[in-house]
Amino acid sequence: KASGCDVKAFCAGPMYAVVQAASLVQSGVAKRVAVVAGGSLAKLGMKFESHVKKNMPVLEDVLGSFAVILSAAKPGEPCVRLDSAAFHPVGAGASPQAMAENLAEKPLAKLGMKLTDVDRYGVELHNPEITVPSGSGDVPRTNYLTLAALAVMRGQIAKAEMEDFVHTRGMLGYAPTQGHIPSAIVYLGHAVERLRAKQIRHALLIAKGSLFLGRMTQLSDGCSFLVDRNDA
């Protein structure tokens, strides 16, 4: 007897969908909500030309997908913090620093937290084995360095501690590069496991997107939210 709807937000789509699903549950409109995101045939192997030119196998040979079921929060169980949900205003521009400020620094500050209070960050977790040969660089590392640089600017860590920030709070990219699939959301399941094992206290998921895939505008959007153990 389930009903359903589409949430279209391109690369950050699943993140927006989780926030909407959690909102439906918390408001009492729905008891359980499944968020499902699938890969796209149009994106399958889209970087293959650069791999073939370098005599590499085509690594984008899978259709990535994601699914999670959300229900009412329980004490001590992993919980989506709706009071942490943040959205990147398109007028702020698409610079890495602007994205880090609006999707990490500001929502954390609202909760009385600093960048260094987050145990793990989930960002765009593209597999660098695919993106580096194609000329796109190591996307996750770039994102973590941006967060570390912002922490340096705010006096939360020393410049010499940037690599340690990346190593302890980040992770290697492992997701296929199919639009919304690598956009932080793939870390949610792993974060839940680590939260339940009490290996971490907080995880902040951050995803940025391109409005209309850059076809009609070069503006960007994004979404982020904190996941914790709901100990309070």
Taking Lys and Arg as +1 and Asp and Glu as -1, residues besides Gly76 with C-beta under 10 Å from its C-beta add up to +2
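Rounded, prolate or oblate: which fits segment 83-232 when a ≥ b ≥ c are the square roots of the eigenvalues of the alpha-carbon gyration tensor, with rounded for a/c under 1.5 and prolate only if a/b beats b/c? Walk me through the numbers before you get to the answer.
On the way: a/c = 1.35, a/b = 1.25, b/c = 1.08.
Note, shape of segment 83-232 comes out rounded.
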Once amide hydrogens are built 1.01 Å from N within the peptide plane, the residues lying 5 or more places from Gly122 or on another chain with amide H under 5 Å from its amide H are Leu204, Leu205, Ile206
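Test of understanding: express the Cα radius of gyration of segment 1-120 as a ratio to 2.2 N^0.38 Å, with N the residue count.
Expressed relative to 2.2 N^0.38 Å, the Cα Rg reads 1.35.
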Charge tally for neighbours of Ser224 with beta carbon under 11 Å away, counting Lys, Arg as +1 and Asp, Glu as -1, is +2
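So, by mean Cβ neighbours within 10 angstrom, what's the order for 117-124, 148-155 with the highest one leading? Please report the intermediate quantities before stating the final value.
Values: 117-124: 21.8, 148-155: 17.1.
Ranking, from highest mean packing down: 117-124, 148-155.
How large is the helix-only mean residue ellipticity at 222 nm for the chain, computed as the sum of -39500 (n - 2.57) over DSSP H runs with n ≥ 4, divided by its residue count, in deg cm²/dmol to the nearest 500? Write out the running numbers ahead of the final one.
Values: 8 runs with 67 residues, N = 232.
Helices in the chain give a 222 nm mean residue ellipticity of -8000 deg cm²/dmol.
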Computed over the chain, protein heavy atoms only, probe 1.4 angstrom, the accessible area per residue in square angstrom equals 52 Å²
Applied in sequence order to segment 29-44, the curve 6.51 cos²θ - 1.76 cosθ + 1.60 (Karplus, θ = phi - 60°) yields integer Hz couplings, x standing for Gly and Pro, of 5, 9, 8, 9, 9, 9, 9, 10, 10, x, x, 10, 4, 5, 9, 5
Here segment 52-119 gives, from Cα atoms, an Rg and Dmax in Å of 18.4, 53
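Leaving out ligands, DNA and RNA, what percent of the accessible area of the chain is carbon and sulfur, probe 1.4 Å? Before the final figure, lay out each step's value.
Working: 6670 of 12080 Å².
Roughly 55 percent, rounded to a whole number.
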For Lys106, the lysines lying under 29 Å Cα to Cα, once residues fewer than eight places off in the same chain are dropped, come out as Lys8, Lys74, Lys114, Lys159, Lys198, Lys208
Counting sequence-distant residues (5 or more places) and residues on other chains, those with an amide H built under 5 Å from that of Met56 are none
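Which value, in debye to the nearest 20, gives the size of the charge dipole of the chain about its Cα centre, when Lys and Arg are +1 and Asp and Glu are -1 at the Cβ? Can you show the working numbers first?
Numbers: 25 positive and 20 negative charges, 88 e Å.
The calculated dipole for the chain is roughly 420 debye.
Let me know the Kirkwood hydrodynamic radius for segment 121-165, please, with Cα pairs as the basis and the value in Å to one decimal.
Values: mean 1/r = 0.0889 Å⁻¹.
The Cα-based Kirkwood calculation yields 11.3 Å.
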Taking every alpha carbon pair in segment 5-54 and sorting the distances into 10 angstrom bins from 0 up to the bin holding the longest one, the percent per bin comes out as 22, 35, 21, 14, 7, 1
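The values are calculated or read from the model by the stated rules, or taken from the named source; none is laboratory data. All figures in this text were calculated on a predicted structure; none of them were measured in a lab. Every residue, glycine among them, receives a Cβ derived from its backbone with ideal geometry; neighbour counts consider all protein chains shown. Note: areas computed on protein heavy atoms with side chains; ligands, DNA, RNA excluded. Shrake-Rupley method; radii C 1.70, N 1.55, O 1.52, S 1.80 Å.
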